Amino acid sequence: MEKIPTTVTITGAGGQIGYALLFRIAAGAMLGADQPVRLRLLEIPAGVRAAEGAALELQDCAFELLRGVEVTDDPLTAFNGCNIALLVGARPRGPGMERADLLAANAGIFGPQGKALAAAAASDVRAVVVGNPANTNALIAASAAAPEIPADRFSALTRLDHNRAVGLIAATLNVRPDDIADVTIWGNHSATQFADTTHATVRGESVDAALARHFGSEQAAMRWLDNDFIPRVAKRGAEIIEVRGSSSVASAANATIAHVRDEQLGMSHGWTSAAVLSQGEYDVPEGIVCSFPVTSNGNGYRIVENLSLTDRQRARLRTSVEELSAERDAVRDLGVL
Ligand code: NAX
């Protein structure tokens with residue numbers, strides 16, 4: 001018997017990442033080859049035509065799993081019965097825009113969307129925020145959706161940073177990406193984040209030991225991690241813009257699909273990274289959406305606890321958490337939380 005279709009709402013569906021997401025979701029890459037999907041595409045009025053064009057192309061693909069596409073500029077219509085919300089549309093930083101202006105503009109998007117989710121979504125809804133500043137936008141949406149939707153149903157995307165770290169280690173050690181397990185992205189989806197290989201393995205061996213062999217000594221490997229790997233992963237978005245002339249799109253859509261797939265279907269081994277609401281783990285203050293190592297049994301992400309962190313690592317995490325706390329305080333000052 002055919003499964004009940006899952007309703008997936010994509011905001012900013014007329015934009016670049018939206019365009020890269022829609023066709024893979026409809027093809028079954030996110031929820032599996034036996035799971036029919038219904039797509040709801042939310043846009044602002046200026047983006048509706050682009051989303052309608054994508055809807056025409058979806059029809060032209062004649063996807064077996066696609067059970068309907070609806071384009072709207074009304075959040076309540078878009079989130080009606082929604083099981084999975086991909087919150088991609090956001091206000092980009094314009095020329096001369098201060099951080100406070102950016103946070104305020106996005107609070108004006110993610111607050112109302114959180115409320116619309118609470119009013120209209122299915123009782124099992126989960127939402128991932130891709131639109132930047134993703135961590136704080138997720139906090140705003142979760143806070144606006146409370147108490148109808150539990151806060152742990154909201155997360156923000158750091159899977160792209162995670163995959164960037166895995167890809168860079170794999171290329172350096174000349175192994176396959178799936179040989180590598182248990183890398184962690186800690187903190188904010190911003191340049192203060194910190195990619196951590198301490199617990200990572202490559203075909204069962206410690207990544208740090210494999211890097212020491214590759215670079216000739218533990219000190220040389222440490223220098224590479226500190227001076228090349230960590231900053232390069234954190235600034236990879238800028239590198240892509242510099243080389244490609246445009247921001248990350250296909251890799252961001254790919255990471256979004258992997259984030260939701262693992263969250264909904266579960267992971268067979270190891271951990272990944274996602275930004276979820278802290279409850280005080282690793283001394284991150286409660287009530288901040290921070291990237292942690294996470295696992296999933298198919299029923300949402302759970303933070304992997306009790307990993308050992310060195311003083312240097314704790315200091316790095318503290319720096320990123322201070323940035324997240326400042327964003328949270330700025331939004332609080334706006335009266336949004
Ligand atoms: P685009 O500008 O191509 O698309 C954004 C779309 O969102 C536009 O079509 C716009 O009309 C729509 N939109 C704006 N406000 C909306 C609202 N209130 N409701 C519905 N739709 C709305 O940007 P794109 O390249 O697709 O990037 C989207 C977001 O992802 C940006 O905020 C970007 O910074 C962020 N990213 C996040 C990443 C992450 O890892 N978390 C990585 C990639 C990307 O940079």
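Within the option set S143, S206, being in contact (Cβ under 8 Å) with a residue 40 or more places away in the chain, open to solvent by 40 Å² or more (accessible area, probe 1.4 Å) and small (G, A, S) holds for one residue only, S143. Across segment 243-254, the number of residues qualifying as open to solvent by 10 Å² or more (accessible area, probe 1.4 Å), of a type outside the set (V, I, T) and either within 9 Å of the ligand (Cβ to nearest atom) or within 21 Å of V129 (Cβ to Cβ) (or both) comes to 6.
Among the residues of segment 294-321, those that are open to solvent by less than 50 Å² (accessible area, probe 1.4 Å) and touching an Asp or Glu at 6+ places or on another chain (Cβ under 7 Å) comprise S296, G300, Y301, I303, Q313. Among the residues making up segment 16-48, those that are farther than 16 Å from L265 by Cβ, surrounded by fewer than 22 Cβ atoms within 10 Å (Cβ to Cβ) and within 15 Å of the ligand (Cβ to nearest atom) are Q16, Y19, A20, F23, I44, P45, A46, G47, V48.
Select, from I257, I240, I230, the only residue that is part of a helix (DSSP H, G or I), open to solvent by 40 Å² or more (accessible area, probe 1.4 Å) and not aromatic (F, W, Y). None of the others qualify; the one that does is I240.
Counting the residues of segment 120-148 that are away from the ligand (no atom under 16 Å from the Cβ) and within 14 Å of P75 (Cβ to Cβ) gives 1. Look at (1) at pLDDT 95 or above; (2) within 24 Å of L337 (Cα to Cα); (3) surrounded by 16 or more Cβ atoms within 10 Å (Cβ to Cβ) and you find that L103 fails only one, number (1).
Restricting I185, I169 to residues that are within 18 Å of T256 (Cβ to Cβ), modelled with pLDDT of 95 or more and among the β-branched types (V, I, T) narrows the list to I185. Listed conditions (1) part of a helix (DSSP H, G or I); (2) in contact (Cβ under 8 Å) with a residue 60 or more places away in the chain; (3) of a type in the set (S, T, N, Q) are all met by T198, apart from (1). Look at A51 and say whether it is open to solvent by 60 Å² or more (accessible area, probe 1.4 Å) and within 9 Å of the ligand (Cβ to nearest atom). Considered against the rule, which asks whether it is open to solvent by 60 Å² or more (accessible area, probe 1.4 Å) and within 9 Å of the ligand (Cβ to nearest atom), A51 comes out as no. Just so you know, in segment 1-15 the residues that are of a type in the set (A, V, I, L, M, F, W, C) and either in a loop (DSSP other than H, G, I, E, B) or farther than 21 Å from A90 by Cβ (or both) include one that is farthest from the ligand (Cβ to nearest atom), and it is M1. When R126 is tested against the conditions (1) in contact with a Lys or Arg (Cβ under 9 Å, 6 or more places away or on another chain); (2) free of Cβ contacts under 8 Å to residues at least 60 places away in the same chain; (3) under 17 Å from I84 (Cβ atoms), the lone failure is (2).
The values are calculated or read from the model by the stated rules, or taken from the named source; none is laboratory data. Quick caveat, the model's predicted, so the values are computed rather than measured. No Cβ is skipped: glycine too gets one built from the backbone with ideal geometry, and neighbour counts run over all protein chains shown. We work out accessible area using only protein heavy atoms, side chains counted, and drop any ligands, DNA or RNA first. Shrake-Rupley method; radii C 1.70, N 1.55, O 1.52, S 1.80 Å.
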